[in-house]
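The values are calculated or read from the model by the stated rules, or taken from the named source; none is laboratory data. What you see is a predicted model, and the numbers here were worked out from it, not measured in a lab. All Cβ positions, glycine included, derive from the backbone under ideal geometry; neighbour counts span all protein chains shown. The protein model used for the area step is the full one, side chains on, heavy atoms only, and it has no ligands, DNA or RNA in it. Shrake-Rupley method; radii C 1.70, N 1.55, O 1.52, S 1.80 Å.
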4 protein chains.
Amino acid sequence: MTEDLDVAKLQRRLAEFAAARNWQPYHTPKNLVAALSVEASELVEIFQWLTPEESARVMSDPDTAHRVTDEVADVLAYLLQLCEVLDIDPLAALAAKIDRNERRFPAP
Amino acid sequence: MTEDLDVAKLQRRLAEFAAARNWQPYHTPKNLVAALSVEASELVEIFQWLTPEESARVMSDPDTAHRVTDEVADVLAYLLQLCEVLDIDPLAALAAKIDRNERRFPAP
Amino acid sequence: MTEDLDVAKLQRRLAEFAAARNWQPYHTPKNLVAALSVEASELVEIFQWLTPEESARVMSDPDTAHRVTDEVADVLAYLLQLCEVLDIDPLAALAAKIDRNERRFPAP
Amino acid sequence: MTEDLDVAKLQRRLAEFAAARNWQPYHTPKNLVAALSVEASELVEIFQWLTPEESARVMSDPDTAHRVTDEVADVLAYLLQLCEVLDIDPLAALAAKIDRNERRFPAP
């Protein structure tokens, strides 16, 4: 993993981007979760009329692949900004959740 | 960053968890984006009646802090699983998006 | 249509229910649209892992039928409360939209 | 209430509109709830960066008022189409829910 693709570095770039535009007052946790859910819905919109089979082939069309990738980036951007303002470590949160799920739902 | 908290390693753990339970047939891109948006809404639900000021203090209550962290983990889990099935690198997608936004929206 | 099932009467009952509990301060348009989207996602949650075919049979299981009907009621409740606070007539809004769509997208 | 603004009549117009364009195969319950949640999120998008006070004044700007009214129509359109394919009476569902809530949560 290059330094550019480090979660903490991406959070720093997002914070600097927002600060340079004086967006911090808008970035309350309440607003960030709303924005996160809106971006997640923009992903859903791409898939809403597709059959399961069509949805599995979505990356074979370059334009749709670009749209999907772009919306994934938007979801991750708001998730990381939310984690920044709430001081949550997203990777640690997920690792803890997987640990918990492995105990709660043992594999058959 | 410890190895446990590496995105690729978390994706591998999520994939193994799903495979051990034979969940892959359910994990179409269409279903994963739906699940992602449902988890994002569960985050919104925590904040929906809060004032902006209350939303900024949400981590000071341990129970709410735990719920928020847990939902953040769920959102990230589905986002990483979606990226896995679509072969998208989420950190590269976000880095490219920030690059693009920096060109499109120059800081004042 | 009986008087009980009149949109305006349902809006009046919802407004009285909220007023009796002093919920009006929470019922800003911003909060009501968040609540509406959360309820819509609770509907999605019921369907998220179903195949298209399973989704078409969802009312044949009485428990699921009850859950779906209940979530439909919740979505409609927040939509009507939003319309009340914004002074929007939802049926007129929809009739106008259908008119517009019939002009914009002539049937083949 | 004029006949044009009757829920059943709006459902009939929506069904005819969809049938004339051969959209019924896309209108599975699963797809309709996804579309409903996407439209609800488009409402959220209008409000996501507004303060509670700004959100209360949203109808005073004619363009925003038009956007909000249009999205309300879209949410209602998918809700009524969902109810049609699932044979749910939305107004009866809401009346039953209000009855239930009045028993479960007596006013103080």
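In this structure, the amide hydrogen of residue A:50, modeled 1.01 Å from its nitrogen in the peptide plane, lies closer than 5 angstrom to no residue at least 5 positions away or on a different chain. When shorter helices are ignored and each DSSP H run of at least 4 residues is given -39500 (n - 2.57), the per-residue value for chain D at 222 nm works out to -24000 deg cm²/dmol.
Nearest 0.05, what FRET efficiency do residue D:56 and residue A:107 give at R0 = 51 Å with Cβ-Cβ as r?
Values: r = 51 Å, r/R0 = 1.00.
Result of the calculation: an efficiency of 0.50.
Averaging 1/r across all pairs of distinct Cα atoms in chain A and inverting the result yields a Kirkwood radius of 16.1 Å.
Could you give the length gained by full extension between residue B:24 and residue B:6, i.e. 0.36 nm per residue of separation minus their alpha carbon distance, to one decimal place?
Working: separation 18, 0.36 × 18 = 6.48 nm, distance 2.24 nm.
Length difference between fully extended and current span is 4.2 nm.
Per-residue Karplus couplings for region C:35-48, computed as 6.51 cos²θ - 1.76 cosθ + 1.60 with θ equal to phi - 60°, are listed in order as 4, 4, 5, 5, 5, 4, 5, 5, 5, 4, 4, 4, 9, 4 Hz, Gly and Pro entered as x.
Of all segments of chain D bounded by trypsin sites (Lys or Arg not before Pro) found in a DSSP loop with no more than 16 other C-beta atoms within 10 Å, the longest spans D:58-108.
Find out how many positive minus negative residues lie around residue D:33, taking Lys and Arg as positive, Asp and Glu as negative, among other residues whose Cβ is under 10 Å from that of residue D:33. It would help to have the intermediate numbers written out before the result.
Numbers: positive: D:30; negative: C:42, C:45, C:71.
My count for the surroundings of residue D:33 gives -2.
Summing Cβ point charges (Lys, Arg +1; Asp, Glu -1) relative to the Cα centre of the protein assembly as shown gives a dipole of roughly 0 debye.
Taking chymotrypsin sites (Phe, Trp or Tyr not before Pro) across region D:8-54, the ones in a DSSP loop with at most 15 further Cβ atoms lying within 10 angstrom of their Cβ are D:23.
Along the axis of the charge dipole computed for region A:2-104 (Cβ charges of +1 for Lys and Arg, -1 for Asp and Glu, origin at the Cα centre), the listed residues A:19, A:95, A:65 are led at the positive end by A:95. Couplings 3J(HN,Hα) of region D:68-79, computed from phi: 4, 4, 5, 6, 4, 4, 5, 4, 5, 4, 6, 5 Hz, in residue order, whole Hz [Karplus 6.51 cos²θ - 1.76 cosθ + 1.60, θ = phi - 60°; x for Gly and Pro]. 3J(HN,Hα) along region B:96-101: 5, 5, 5, 3, 4, 5 Hz, from the Karplus curve 6.51 cos²θ - 1.76 cosθ + 1.60 with θ = phi - 60°, whole Hz, x for Gly and Pro. The heavy atoms of residue D:59 offer some 60 square angstrom of accessible surface to a 1.4 angstrom probe. For the protein assembly as shown, the convex hull drawn through the C-alpha positions has a volume of 168 cubic angstrom per residue.
Taking Cα centre as origin and charging only the Cβ of basic (Lys, Arg, +1) and acidic (Asp, Glu, -1) residues, the dipole magnitude of chain D rounds to 480 debye.
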